[in-house]
Amino acid sequence: STLLDLAVVFLKFNPACYLHVFVLGMLLAKLRLLLDEKAKASRSPRAFCLPMEFLAPLGYLGLFLIFALPELRPLGFKLSARLSVLLPLQAALLLGLAGLPSMPIGRFAQYFAHFNFLENYS
């Protein structure tokens, strides 16, 4: 029971340490709605869908590479995955799978929707 052990437990389980994750989620939701408004007002709304379709695969690829290749792992990667180091990749994944409300869901998200068995719990 050293000070380091106490600090790790505090960082892993204290809700205050995850406030930034909550704030990012709220900002992503607002960004998604703003992008949807821009897409509806645009002459070519499908131009907004194409980049959104690539966000989820890129997020998955980045997360896979970081956890699969030891050379790419940040220090304390298990803890940093919970805190903030991997948050941009997680945000890309969320935006890519969510898509835009007024647009059809992307092919990648449609494929992975079959594995969303926790949908009723969220």
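The values are calculated or read from the model by the stated rules, or taken from the named source; none is laboratory data. The model shown is predicted, which means the values in this text are computed figures rather than measured ones. Cβ sites come from the backbone with ideal geometry, for glycine too, and all protein chains shown count toward neighbours. We work out accessible area using only protein heavy atoms, side chains counted, and drop any ligands, DNA or RNA first. Shrake-Rupley method; radii C 1.70, N 1.55, O 1.52, S 1.80 Å.
Observations on the model:
- Top-ranked residue of the range 36-54 - restricted to ones that are of a type outside the set (D, E, K, R) and open to solvent by less than 50 Å² (accessible area, probe 1.4 Å), ranked as nearest to A109 (Cα to Cα): M52
- Against the numbered list (1) surrounded by 10 or more Cβ atoms within 10 Å (Cβ to Cβ); (2) small (G, A, S); (3) closer than 25 Å to M103 by Cα; (4) free of Cβ contacts under 8 Å to residues at least 40 places away in the same chain, G62 comes up short only at (3).
- Criterion: modelled with pLDDT of 90 or more and not small (G, A, S) - qualifying residue of M26, M52: M26
- Identity of the residue in the range 1-19, of a type in the set (G, A, S) and surrounded by fewer than 10 Cβ atoms within 10 Å (Cβ to Cβ), that ends up nearest to L94 (Cα to Cα): A16
- Some residue of the range 20-30 being in contact with a Cys (Cβ under 8 Å, 6 or more places away or on another chain), in contact (Cβ under 8 Å) with a residue 24 or more places away in the chain and open to solvent by less than 60 Å² (accessible area, probe 1.4 Å): no
- Test: residue in the range 92-104 that is at pLDDT below 85 and assigned to a loop (DSSP other than H, G, I, E, B): yes
- Residue within the range 44-54 that is within 23 Å of L93 (Cβ to Cβ), assigned to a helix (DSSP H, G or I) and acidic (D, E) present: yes
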